[in-house]
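Right, one structure below, let's go through it.
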């Protein structure tokens, strides 16, 4: 009896495994989502088809096995049969799976060809991954380009503040795309391999440095869609989310026009700031803000870095010695070794502020002040 | 039940035993016995102990990972160290635990199964084991370097492992080289032994399936370990000697790294599962008291899987941006693998059908293997479907899949093998109560550990992240609890093995298990230090 009960437990365990999975279909936190594009719905249907085929195979095979385990026990007096081969059966269970495979392969091939057809797109966006942020550039509106960084506060990650609803899945500037239009993504990387993934679109494509991959989507419903980098890309791989807002075409047009205008204004503003001198306090305040978005992940809040990969700024020659100011600016604009270039991400006044901050924070009391015009002079001097 | 013994105690071994005693005078004792040994049984024992220690070390790293992921937010380790843990955990489990365990089993069993006195190349055998501890010492010591150990994943994709890695990469490369040399030497030894040292009458189609699967595995190893060596060497020269194999700026291609790596990596997956098929094909007939169903088709299925393993590598890379024709090819080729794999599962079930079943501990593990490995195989079939793989790729669904195949597949088969042959090795029945505790604790906890990973993966949790969004929190807590329980369960196994090595327990007969057949069950228990010095004749 004890044997039978242990057997039943193992049988139930296997069955309950598949039972949980079957109820999973209705709930999005245990199953694939249907998403908001025709493709993602097809992918979901394929997934469910495969799932049910697997469940049926599992139930039949394990069912026969468990039947045998109960009925053909030595303790029930079962005597072993003699057979050990049967050509008919063996051919049958080679051919039948083969036919099932063809039945699976056909719809899969159809969907795959549709997914890989990036022709006739209406909007093209260049997506560039770098450690650990995304950059979006609207190819049809070349003025509009921006970086998208995770917006979750460090204090939430360190369990000092309560975690928000979209913990780790929120960014400062989401990508905006129109609904009902075929949007093509050109995907690449500035450093290591990343992977741009939005589950609701069923789009996941690797961002390979030096090469450009293509993907596309056509979103049916306006909304905010969240994803993450899917390829291990170093220390903060878990902290580079993707957020896409899909807007109605009219709204999108208004948005992109406003962005274009804002981009032009920002350039004018930058020129205006070149003529101004900021005070030490202003520089330090803005510098700290910039440092906490762009630099802190590697060089750490205390400026001590994580040597040897991420060197310390506190007490370093580059941040202390006066003749190193040009080099200091150079590293931020153009990068060095593993350090990415921030020239595209930060404005000249932001670079000036963060250089000043790094030269005067954490006991680096050099008193050096760097202004936007110094950064401009450095760029032009090159 | 498990201690049931065969009644035909054989006296005919008296001669052989006398012979063995004569030899035992020459066995060195203490440390030098183990350092200098060329005996296949000693080397098998060394491999198995090494694999078990590495299993515990790699398991401890998994505990760190699961502790960090117990709840959202940064808990006990920083993201850099977290990446080092996932990387080294993977390397240790693949190269330090599963592969050496199978090599240990091959050392112990292949000569005994084919009626050979030892492995064909005993001194090389000694060396192929003794370089392994140094390989892992190098790898593990890199964790204590300034800047830490390798943190680019066990798959070490370039350029994360080249321009963007720390200096422990050099140590990583050298240790992988040593592991590769060890594997290749072990594989050559297995091939030469099987091809040349079979007893008279032991034709190929009479070899036990464990021997067949290992023969095919050894050929896979010889074919792909040099490819891995090439990949790590290119990483080394890209990082330190200015080459640009994987750097587009110098005319290279980072995706080429993945092609090379997975050309090694996919056959590697079968290297870790084919010997498991051999083990299950030995255990199921014994406890069904019935011949294995479809012996010949098992051999052909194993060979087909091995051949197919060379043409499916890019299914690990569907999102890298391949041409659609290539995606189609690799999708169809991958789906094909399920046919021979299915044949194997059907054969095991047909072997049990109308048998006379008993459920001793090795059989319990074998049945768990069949069910849980098949679950891993079915999720593998789902992953083969390219358009859906775009959603599954690099999520916890993949983590669930390969842990079902490698933990409840490969590792469970190794445990089944140890329980099956341990009495033959020690001459004593192991502690059956402890073994059953080990089985049930492992079975339940391993499913609490890995099954919910399917759910979080489908719901969108990427793998290799040190922190996750709040909707994944509940399942991750359960996964971690399952992980700690599975880790602790293995300590039961440790106690059991130590007791067995101290030769505690009831003496067993030569046949040990009522339905066991094969040459290894005809020699005395415990197996003498030297066996089959005069080859047996197989009818």
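The values are calculated or read from the model by the stated rules, or taken from the named source; none is laboratory data. For clarity, every value in this text was computed on a predicted model and none was experimentally measured. Glycine gets a Cβ as well: all are built from the backbone with ideal geometry, and neighbour counts include every protein chain shown.
Looking at the range B:242-254 only, could you name the residues that are surrounded by 23 or more Cβ atoms within 10 Å (Cβ to Cβ) and part of a helix (DSSP H, G or I)?
We begin by selecting, within the range B:242-254, every residue surrounded by 23 or more Cβ atoms within 10 Å (Cβ to Cβ); these are B:246, B:254.
Listed by number, the list holds a single entry, B:254.
Might you let me know whether the range B:388-409 holds any residue that is facing chain A (nearest Cβ under 8 Å), under 23 Å from residue B:298 (Cα atoms) and under 24 Å from the mean Cα position of the chain (by Cα)?
For the range B:388-409, residues facing chain A (nearest Cβ under 8 Å), under 23 Å from residue B:298 (Cα atoms) and under 24 Å from the mean Cα position of the chain (by Cα): absent.
Can you pull out the residues in the range B:57-79 that are more than 11 Å from every other protein chain (Cβ to nearest Cβ), without any contact (Cβ under 8 Å) to a residue 40 or more places away in the chain and surrounded by fewer than 17 Cβ atoms within 10 Å (Cβ to Cβ)?
Of everything in the range B:57-79, just one residue is more than 11 Å from every other protein chain (Cβ to nearest Cβ), without any contact (Cβ under 8 Å) to a residue 40 or more places away in the chain and surrounded by fewer than 17 Cβ atoms within 10 Å (Cβ to Cβ), namely B:76.
Find all pairs meeting these conditions: Cβ atoms under 7 angstrom apart; at least six residues apart or on different chains; first residue within the range A:66-86 and in contact (Cβ under 8 Å) with a residue 40 or more places away in the chain and at the interface with another protein chain (Cβ under 8 Å from one of its Cβ atoms); second residue surrounded by fewer than 15 Cβ atoms within 10 Å (Cβ to Cβ) and in a helix (DSSP H, G or I).
Cβ pairs passing all conditions: A:75/A:3.
Pick out the one residue from A:131, A:110 that is within 11 Å of chain B (Cβ to nearest Cβ) and under 19 Å from the mean Cα position of the chain (by Cα).
Values: A:110 fails: under 19 Å from the mean Cα position of the chain (by Cα).
None of the others qualify; the one that does is A:131.
Which ranges mark the helices (runs of 4 or more DSSP H) fully within the range A:294-382 that have 3 or more residues being more than 30 Å from residue B:150 (Cβ to Cβ) and in contact with a helix residue (DSSP H, G or I) (Cβ under 7 Å, 6 or more places away or on another chain)? Break it down stepwise before answering.
Details: elements: A:296-299, A:317-320, A:325-334, A:348-360, A:372-381.
Filter on the range A:294-382 gives A:325-334, A:348-360, A:372-381.
Does the range B:265-272 include one or more residues that are assigned to a loop (DSSP other than H, G, I, E, B) and within 12 Å of chain A (Cβ to nearest Cβ)? Spell out the reasoning first.
Step one: list which residues in the range B:265-272 are assigned to a loop (DSSP other than H, G, I, E, B), which gives B:272.
Cutting the leftovers down to within 12 Å of chain A (Cβ to nearest Cβ) gives us none.
No, that holds for no residue.
Whether any residue in the range B:426-435 is under 12 Å from the mean Cα position of the chain (by Cα), part of a helix (DSSP H, G or I) and surrounded by 21 or more Cβ atoms within 10 Å (Cβ to Cβ) is what I want to check. It would help to see each step written out before you state the result.
Step one: filter the range B:426-435 for residues under 12 Å from the mean Cα position of the chain (by Cα), giving none.
Scanning the range B:426-435 turns up no residue that is under 12 Å from the mean Cα position of the chain (by Cα), part of a helix (DSSP H, G or I) and surrounded by 21 or more Cβ atoms within 10 Å (Cβ to Cβ).
Residues to consider are A:223, A:227, A:234; find the one that is more than 17 Å from residue B:398 (Cα to Cα) and facing chain B (nearest Cβ under 7 Å). Don't jump to the end; show me each part of the working.
On the way: A:223 fails: facing chain B (nearest Cβ under 7 Å); A:227 fails: facing chain B (nearest Cβ under 7 Å).
From the options A:223, A:227, A:234, the qualifying one is A:234.
For every residue, the table says whether it meets (1) surrounded by fewer than 24 Cβ atoms within 10 Å (Cβ to Cβ); (2) free of Cβ contacts under 8 Å to residues at least 60 places away in the same chain.
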| residue | (1), (2) |
| --- | --- |
| B:398 | yes, no |
| B:423 | no, no |
| B:445 | yes, yes |
| B:459 | yes, yes |
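Touching a helix residue (DSSP H, G or I) at 6+ places or on another chain (Cβ under 9 Å) and either without any contact (Cβ under 8 Å) to a residue 24 or more places away in the chain or within 14 Å of chain B (Cβ to nearest Cβ) (or both): which single residue out of A:275, A:202 fits that description?
Working: A:275 fails: either without any contact (Cβ under 8 Å) to a residue 24 or more places away in the chain or within 14 Å of chain B (Cβ to nearest Cβ) (or both).
So the residue among A:275, A:202 that is touching a helix residue (DSSP H, G or I) at 6+ places or on another chain (Cβ under 9 Å) and either without any contact (Cβ under 8 Å) to a residue 24 or more places away in the chain or within 14 Å of chain B (Cβ to nearest Cβ) (or both) is A:202.
Of these, B:481, B:498, which one is under 21 Å from residue B:42 (Cβ atoms) and without any contact (Cβ under 8 Å) to a residue 40 or more places away in the chain? Show your work before the answer.
Details: B:481 fails: under 21 Å from residue B:42 (Cβ atoms).
From the options B:481, B:498, the qualifying one is B:498.
Output yes when any residue across the range B:220-231 is over 19 Å from the mean Cα position of the chain (by Cα), in a helix (DSSP H, G or I) and buried (at least 23 other Cβ atoms within 10 Å of the Cβ), and no when none is.
The answer is yes, given that some residue of the range B:220-231 is over 19 Å from the mean Cα position of the chain (by Cα), in a helix (DSSP H, G or I) and buried (at least 23 other Cβ atoms within 10 Å of the Cβ).
Being more than 7 Å from chain A (Cβ to nearest Cβ) and either touching a strand residue (DSSP E or B) at 6+ places or on another chain (Cβ under 8 Å) or crowded, with 23+ Cβ neighbours inside 10 Å (or both) is the filter here; which residues of the range B:317-329 pass it?
Of all residues in the range B:317-329, those more than 7 Å from chain A (Cβ to nearest Cβ) come to B:317-318, B:322-323, B:325-326, B:329.
Result: B:318, single match.
Every residue, every condition in (1) modelled with pLDDT of 95 or more; (2) buried (at least 21 other Cβ atoms within 10 Å of the Cβ); (3) closer than 25 Å to residue A:354 by Cα, yes or no:
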{"residue": "A:218", "(1), (2), (3)": "yes, no, no"}
{"residue": "A:231", "(1), (2), (3)": "yes, yes, no"}
{"residue": "A:237", "(1), (2), (3)": "yes, yes, yes"}
{"residue": "A:251", "(1), (2), (3)": "yes, no, no"}
{"residue": "A:270", "(1), (2), (3)": "no, no, yes"}
{"residue": "A:286", "(1), (2), (3)": "no, no, yes"}
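Please determine whether any residue of the range B:296-311 is at positive phi, out of contact with any strand residue (DSSP E or B) (no Cβ under 8 Å at 6 or more places or on another chain) and within 13 Å of another protein chain (Cβ to nearest Cβ). Let's see the steps before the verdict.
Initially, the range B:296-311 is screened for residues at positive phi, giving none.
The answer is no, given that none of the residues of the range B:296-311 is at positive phi, out of contact with any strand residue (DSSP E or B) (no Cβ under 8 Å at 6 or more places or on another chain) and within 13 Å of another protein chain (Cβ to nearest Cβ).
Check whether at least one residue in the range B:290-304 is crowded, with 20+ Cβ neighbours inside 10 Å and within 30 Å of residue A:113 (Cβ to Cβ), and report yes or no.
Looking for residues that are crowded, with 20+ Cβ neighbours inside 10 Å and within 30 Å of residue A:113 (Cβ to Cβ), one finds none in the range B:290-304, hence no.
Yes or no: the range A:314-327 includes at least one residue that is surrounded by 20 or more Cβ atoms within 10 Å (Cβ to Cβ) and at pLDDT 90 or above.
Step one: filter the range A:314-327 for residues surrounded by 20 or more Cβ atoms within 10 Å (Cβ to Cβ), giving A:319.
Filter again for at pLDDT 90 or above, leaving none.
Looking through the range A:314-327, none of the residues is surrounded by 20 or more Cβ atoms within 10 Å (Cβ to Cβ) and at pLDDT 90 or above.
I'm told residue A:162 meets every condition in (1) within 12 Å of chain B (Cβ to nearest Cβ); (2) surrounded by 18 or more Cβ atoms within 10 Å (Cβ to Cβ) except one. Can you identify the failing condition by its number?
Residue A:162 satisfies all of (1) within 12 Å of chain B (Cβ to nearest Cβ); (2) surrounded by 18 or more Cβ atoms within 10 Å (Cβ to Cβ) except (2).
Report yes if some residue within the range A:113-126 is under 18 Å from residue A:202 (Cα atoms), within 31 Å of the chain's Cα centre (by Cα), surrounded by 19 or more Cβ atoms within 10 Å (Cβ to Cβ) and facing chain B (nearest Cβ under 7 Å); otherwise report no.
Yes; the residues of the range A:113-126 include at least one that is under 18 Å from residue A:202 (Cα atoms), within 31 Å of the chain's Cα centre (by Cα), surrounded by 19 or more Cβ atoms within 10 Å (Cβ to Cβ) and facing chain B (nearest Cβ under 7 Å).
What's the total number of residues in the range B:447-457 that are crowded, with 24+ Cβ neighbours inside 10 Å and either more than 10 Å from chain A (Cβ to nearest Cβ) or touching a strand residue (DSSP E or B) at 6+ places or on another chain (Cβ under 7 Å) (or both)?
Selection size over the range B:447-457: 4.
Scan the range A:278-293 for residues that are outside any helix (DSSP H, G or I) and without any contact (Cβ under 8 Å) to a residue 40 or more places away in the chain and jot them down. Outline the logic, then answer.
Of the residues in the range A:278-293, the ones outside any helix (DSSP H, G or I) are A:278-279.
Of everything in the range A:278-293, just one residue is outside any helix (DSSP H, G or I) and without any contact (Cβ under 8 Å) to a residue 40 or more places away in the chain, namely A:279.
Given the criterion surrounded by 23 or more Cβ atoms within 10 Å (Cβ to Cβ), in contact with a helix residue (DSSP H, G or I) (Cβ under 9 Å, 6 or more places away or on another chain) and more than 8 Å from chain A (Cβ to nearest Cβ), identify the matching residue among B:334, B:374.
Values: B:374 fails: more than 8 Å from chain A (Cβ to nearest Cβ).
Answer to the selection: B:334.
If you scan the range A:75-90, which residues turn out to be out of contact with any helix residue (DSSP H, G or I) (no Cβ under 9 Å at 6 or more places or on another chain) and surrounded by 13 or more Cβ atoms within 10 Å (Cβ to Cβ)?
Taking the range A:75-90 and keeping what is out of contact with any helix residue (DSSP H, G or I) (no Cβ under 9 Å at 6 or more places or on another chain), we get A:77, A:79, A:81-82, A:87-88.
Selection gives A:81 alone.
Quick check on residue A:327: is it free of Cβ contacts under 8 Å to residues at least 40 places away in the same chain and within 35 Å of the chain's Cα centre (by Cα)? Break it down into steps so the answer makes sense when it comes.
Numbers: free of Cβ contacts under 8 Å to residues at least 40 places away in the same chain: yes; within 35 Å of the chain's Cα centre (by Cα): yes.
Considered against the rule, which asks whether it is free of Cβ contacts under 8 Å to residues at least 40 places away in the same chain and within 35 Å of the chain's Cα centre (by Cα), residue A:327 comes out as yes.
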